1. Only one of these conditions is not met by residue 73: (1) in a loop (DSSP other than H, G, I, E, B); (2) modelled with pLDDT of 95 or more. Which number is it?
2. Does residue 81 satisfy the criteria of being without any contact (Cβ under 8 Å) to a residue 12 or more places away in the chain and either surrounded by 14 or more Cβ atoms within 10 Å (Cβ to Cβ) or touching a helix residue (DSSP H, G or I) at 6+ places or on another chain (Cβ under 9 Å) (or both)?
3. So, of the residues in the stretch 15-44 that are charged (D, E, K, R) and either part of a helix (DSSP H, G or I) or modelled with pLDDT of 95 or more (or both), which turns out to be surrounded by the fewest Cβ atoms within 10 Å (Cβ to Cβ)?
4. Could you list, ordered by first residue, the pairs with Cβ atoms under 7 Å in which the first is in the stretch 126-148 and within 19 Å of residue 205 (Cβ to Cβ) and the second is among the small types (Gly, Ala, Ser), at least 6 apart or interchain?
5. Can you give me the ranges of the helices (runs of 4 or more DSSP H) entirely in the stretch 117-191 with at least 2 residues that are out of contact with any helix residue (DSSP H, G or I) (no Cβ under 7 Å at 6 or more places or on another chain) and more than 21 Å from residue 217 (Cα to Cα)?
6. What is the number of the single condition among (1) surrounded by fewer than 18 Cβ atoms within 10 Å (Cβ to Cβ); (2) farther than 30 Å from residue 5 by Cβ; (3) in contact with a Pro (Cβ under 8 Å, 6 or more places away or on another chain) that residue 140 does not meet?
7. Given the condition closer than 18 Å to residue 194 by Cα and hydrophobic (A, V, I, L, M, F, W, C), answer yes or no: does some residue in the stretch 49-65 qualify?
8. From the list 120, 166, which residue is buried (at least 18 other Cβ atoms within 10 Å of the Cβ) and touching a His at 6+ places or on another chain (Cβ under 6 Å)?
Amino acid sequence: MPTKVLFYRVLALNLLAIALVILISYPFGQVEQQFKDGGFIDIFSGIQLFVIAYYAYRAFKARSAAFRSPWRSPGAIWGIISAGFVFLALDELATIHEGLDKLIHIVLNLQETGMSDRIDDLIVGLYGVIAIALLVVYRKELKRYKFVLPYVFGGFVLLFCMIGIDAISNRDDVFLAFFSAARSDSLMSWVFVPEEACKLVSEAFFVTAAKCCEQMGRDRAFTAHANTSTKSSQSPL
């Protein structure tokens, strides 16, 4: 399947999920509930993150011949990506970073303030920074799949947009600095929609990149195996 076709299909699925959740839950006044922790969007996102982890694992298996030592092997990045997305899926479903936020407040005896209340957003941002650092470290391996880099870049852009929206809307203090209390309340009541939309669409970019890399890895592994078999069959007894 062409990369663009795959992306448009995954994107359409994500946008359809968002639209259906709003249409179905709005009459019951449960839109926010379905977009918040434990809601349908969280579950959908968690499943999608597990799918990315699965494709990365398949890419790792396809590159297993190049895996010689845990950290120095080029193919190790796929195992790291797979483990990373498994963690992100568990984080999404079990709100690990929110728990870390609360733990930091308890251990450091911090009072809830506008700044400290956004520690969980900082933690998620740190996830993104670590991921980018790993991609830089293993850039030689990733050059083999450079045609998916625009999708990876798009995924990170939307990820940081989601973090920014979440940080701004964590409390209404930022909105109150620019808008009236009524307008601020109105924005706060719907800002979670673009926030979660950025998250799901960023995952659509990552799903596309992971699936294409997995497919390319399997195709190359198959070709290499076929060439090896051909040479073996042609070698003299």
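The values are calculated or read from the model by the stated rules, or taken from the named source; none is laboratory data. As the structure is a computational prediction, the values presented were derived from the model and not from experiment. No Cβ is skipped: glycine too gets one built from the backbone with ideal geometry, and neighbour counts run over all protein chains shown.
1. Every listed condition holds for residue 73 apart from (2).
2. Working: without any contact (Cβ under 8 Å) to a residue 12 or more places away in the chain: no; either surrounded by 14 or more Cβ atoms within 10 Å (Cβ to Cβ) or touching a helix residue (DSSP H, G or I) at 6+ places or on another chain (Cβ under 9 Å) (or both): yes.
Answer is no for this residue.
3. Initial filter on the stretch 15-44 (charged (D, E, K, R)): 32, 36-37, 42.
Filter again for either part of a helix (DSSP H, G or I) or modelled with pLDDT of 95 or more (or both), leaving 32, 42.
On the way: 32: 14, 42: 18.
Taking the candidates together, the pick is 32.
4. Pairs found: 131/84; 148/209.
5. Working: elements: 119-137, 139-142, 149-169, 173-176, 181-188.
Hits in the stretch 117-191: 119-137, 149-169, 181-188.
6. Checking residue 140 against (1) surrounded by fewer than 18 Cβ atoms within 10 Å (Cβ to Cβ); (2) farther than 30 Å from residue 5 by Cβ; (3) in contact with a Pro (Cβ under 8 Å, 6 or more places away or on another chain), the one that fails is (2).
7. Of the stretch 49-65, the ones closer than 18 Å to residue 194 by Cα are none.
Looking for residues that are closer than 18 Å to residue 194 by Cα and hydrophobic (A, V, I, L, M, F, W, C), one finds none in the stretch 49-65, hence no.
8. Values: 166 fails: touching a His at 6+ places or on another chain (Cβ under 6 Å).
Criteria check complete, one pass: 120.
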